[in-house]
1. Determine if the range B:131-151 includes at least one residue that is among the β-branched types (Val, Ile, Thr), surrounded by fewer than 24 Cβ atoms within 10 Å (Cβ to Cβ) and either assigned to a loop (DSSP other than H, G, I, E, B) or on the phi > 0 side of the Ramachandran plot (or both).
2. State which residue is surrounded by the fewest Cβ atoms within 10 Å (Cβ to Cβ) when the search covers only the range B:21-35 and only residues that are more than 9 Å from chain A (Cβ to nearest Cβ) and either within 16 Å of A:Ser30 (Cβ to Cβ) or under 22 Å from the mean Cα position of the chain (by Cα) (or both).
3. I'm checking my understanding of the structure. Among residues of the range A:169-188 that are more than 10 Å from chain B (Cβ to nearest Cβ) and surrounded by 13 or more Cβ atoms within 10 Å (Cβ to Cβ), which one is farthest from the chain's Cα centre (by Cα)?
4. Looking only at the range A:78-88, how many residues end up being closer than 19 Å to B:Asn393 by Cβ and within 9 Å of chain B (Cβ to nearest Cβ)?
5. Regarding the range B:63-79, can at least one residue be identified that is closer than 14 Å to B:Gly154 by Cβ, in contact (Cβ under 8 Å) with a residue 40 or more places away in the chain and more than 9 Å from every other protein chain (Cβ to nearest Cβ)?
6. If I filter the range A:15-39 down to residues being more than 7 Å from every other protein chain (Cβ to nearest Cβ) and part of a loop (DSSP other than H, G, I, E, B), which single residue comes out as surrounded by the fewest Cβ atoms within 10 Å (Cβ to Cβ)?
7. Among what's in the range B:67-93 and is assigned to a loop (DSSP other than H, G, I, E, B) and either in contact with a strand residue (DSSP E or B) (Cβ under 9 Å, 6 or more places away or on another chain) or small (Gly, Ala, Ser) (or both), pick the residue that is farthest from B:Ala370 (Cα to Cα).
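The values are calculated or read from the model by the stated rules, or taken from the named source; none is laboratory data. This one's a predicted model, so the numbers in the text were calculated from it and none came from an experiment. Because the Cβ atoms are built from the backbone with ideal geometry, glycine has one as well, and the counts that use them run over all protein chains shown.
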Amino acid sequence: MEKIIQGKAYVLGKNIDTDQIIPAEHLVYSLSDPEEVVLYGTYALSGVPPEQGGLPKGNIPFIAEGEVRSAFTIIIAGPNFGCGSSREHAPFALKVAGVKAIIAESYARIFYRNCVDGGFAIPYETAEQLNQIIKTGDELKIDVEANTIENLTSKVTWRLNPLGSVFNIVEAGGIFAYARQENLMAQS
Amino acid sequence: MAQTITQKILAKAANRKFVDVGESVWLNVDILLTHDVCGPPTIDIFREEFGSDAKVWDTDKVVVLPDHYIFTANEHAHRNIDLLRQFAKEQGLKHYYDVGTDRYKGVCHVALAEEGFNLPGTVLFGTDSHTCTSGAFGMFGTGIGNTDAAFILGTGKLWEKVPESIKFTFDGEMPAWLTAKDLILQILGDITTDGATYRAMEFDGEAIFSLPMEERMTLTNMAIEGGGMNGIIAADKIAEEYVKARSNKPYELFQSDLDAQYHSKYHYNVRDLEPVVAQPHSPDNRATVRSVAGTKITKSYIGSCTGGKLTDFVMAAKILKGQKVSVTTNIVPATVLVARSLETEQYEGVSLKQIFEDAGCIVALPSCAACLGGPADTVGRSVDNDVVVSTTNRNFPGRMGSKHAGVYLASPLTAAASAITGKLTDPRDFL
């Protein structure tokens with residue numbers, strides 16, 4: 001687990017559902033065939049209406065034309081990020097695009113579980129409405145041990161809510177790694 | 001210590017007498033459900049983590065119901081079905097319902113009920129957010145991702161955080177023009193799309209227990225639209241009769257203790273309610289149909305796990321009999337059984353299918369179809385600036401296909417009345 005996560009912010013609004021993160025028509029691609037996996041990067045966040053992507057100005061594509069990976073590696077969003085369908089393709093697509101962490105006011109349960117148990121991006125929560133403060137393109141630094149996020153562009157630091165009971169799974173890298181570590185893989 | 005019905009079911013699955021709200025517990029899983037979209041990646045993870053020759057924990061407890069992308073020319077979608085078929089064969093799965101055979105069922109949440117997999121007191125996990133539908137049978141059902149499903153495939157276990165519960169009580173006698181869809185859209189407008197996040201939504205009251213199982217499933221189906229972990233209705237005589245007609249497996253009835261603790265309680269009298277829609281682009285964007293009546297629509301869609309059951313079509317037929325639709329109207333039965341029933345079930349001496357065809361509707365084959373957009377050739381998929389009135393469960397941007405379309409979620413009565421006029425129309429105008 002990386003102790004410091006640094007990258008550029010991509011700012012979104014509230015209730016970003018999994019159809020916006022990866023539209024349903026793209027769910028047919030393999031998640032294991034390397035040639036098809038990259039398509040999840042290509043179409044990550046492609047369902048977000050253009051004016052609502054890359055706030056506050058909007059109309060900033062998450063993925064540049066012809067690219068697979070995003071220039072933005074930290075997502076900043078409002079409440080209820082990842083609501084909607086259970087598709088694990090959603091956090092998977094964000095990971096393929098290069099996202100390392102998401103900071104939202106809150107998450108939908110299944111998306112949150114998928115992030116943690118699948119070992120995709122780290123889902124942090126904050127009490128602050130950071131998507132009203134941070135601007136797309138700001139350079140951010142997350143200190144995983146100190147539970148802080150610093151905006152290197154504006155020189156402001158905020159606290160992140162501790163990951164709590166899921167920290168051990170996040171640290172292990174997902175439910176399988178955690179279960180092996182804890183000897184929980186035996187059949188019932 | 002007093003417990004809610006959800007706590008009691010989770011306690012049983014954890015081999016405990018009591019589980020506390022907020023604690024994470026390991027549960028023994030009764031059924032794992034998967035389908036063609038999330039099944040193949042789940043199988044990949046299972047093989048990677050448990051080995052290429054690993055066996056699933058119980059071939060009688062894995063239910064595979066392909067339903068999402070069935071009637072499409074999309075080759076990737078076909079490949080996903082092939083992967084399911086191959087896995088079911090090599091594992092000897094007892095409950096695989098293959099496409100293109102007479103075993104094919106259709107939309108998984110409705111088929112689970114029809115095939116007798118919903119048993120009171122049991123724990124169901126599924127790789128689909130609407131797995132909460134099964135809570136109508138007094139059981140715990142919730143959605144998970146592929147990684148969690150792969151973990152269950154190998155171990156038969158999963159951790160879950162015991163949820164707080166919110167109780168919704170509906171008193172009074174249901175008027176003929178009010179449906180379960182109106183009740184759940186009413187709730188969503190009150191609690192918003194994250195009002196029940198990580199919580200159980202428990203439904204109670206005489207109006208709820210007057211409903212047939214299909215209508216109860218409409219309520220629990222949309223618990224996830226409020227962020228709920230599960231929706232649940234204690235099993236009563238109606239539920240037991242439904243179950244016994246379809247399964248001879250044992251089950252256990254649970255009820256919340258009278259002094260159980262709730263996060264919050266909501267009380268409604270159905271006589272105070274009226275038909276509502278969820279306006280674009282969120283299931284909590286509630287308005288009474290009367291307040292938005294006259295809004296022009298370009299399509300009407302009656303289908304999906306929440307709005308494509310036989311009861312939904314009986315309601316639609318009552319409005320559409322002897323009428324003509326003025327916009328493209330898709331009738332998409334959830335399952336093969338529902339599709340067959342459209343031919344046998346009659347209203348005023350005419351089969352439902354005939355009523356729909358006479359009215360100018362398109363009767364499509366059973367699958368999830370355009371509820372979630374799907375591949376480009378999916379029947380009913382929204383295009384351009386379509387304005388759709390739909391009995392489905394989600395209307396986030398792009399959900400039914402086009403990012404520029406707007407979707408109004410509504411009851412089958414409202415969707416049928418609006419199909420006739422081409423404008424959002426209160427069903428009381430036709431009843």
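1. Residues of the range B:131-151 that are among the β-branched types (Val, Ile, Thr), as a first pass: B:131, B:133, B:142, B:144, B:147.
Now narrow it down to the ones that are surrounded by fewer than 24 Cβ atoms within 10 Å (Cβ to Cβ): none.
No, the range B:131-151 has no match at all.
2. Step by step, filter the range B:21-35, then rank; the result is B:Asp30.
3. Restricting attention to the range A:169-188, the residues satisfying the condition of being more than 10 Å from chain B (Cβ to nearest Cβ) are A:170-173, A:181-183.
Next, only the ones that are surrounded by 13 or more Cβ atoms within 10 Å (Cβ to Cβ) stay: A:170-173, A:181.
Numbers: A:Val170: 13, A:Glu171: 16, A:Ala172: 18, A:Gly173: 15, A:Gln181: 25 Å.
Going through the qualifying residues, I end up with A:Gln181.
4. Looking only at that region, the number is 6.
5. For the range B:63-79, residues closer than 14 Å to B:Gly154 by Cβ, in contact (Cβ under 8 Å) with a residue 40 or more places away in the chain and more than 9 Å from every other protein chain (Cβ to nearest Cβ): absent.
6. Pass one, the range A:15-39, residues more than 7 Å from every other protein chain (Cβ to nearest Cβ): A:16, A:18, A:21-22, A:26, A:30, A:33-39.
Next, from what is left, pick out any that are part of a loop (DSSP other than H, G, I, E, B): A:16, A:22, A:30, A:33.
Working: A:Ile16: 30, A:Ile22: 28, A:Ser30: 18, A:Asp33: 11.
The extreme case among them is A:Asp33.
7. The residue in question is B:Gly92.
Yes/no matrix, rows are residues, columns are (1) more than 13 Å from chain B (Cβ to nearest Cβ); (2) at positive phi:
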site: A:Asp117; (1), (2): no, no
site: A:Phe120; (1), (2): no, no
site: A:Gly137; (1), (2): yes, yes
site: A:Lys141; (1), (2): yes, no
site: A:Thr148; (1), (2): yes, no
site: A:Lys155; (1), (2): yes, yes
site: A:Asn161; (1), (2): yes, no
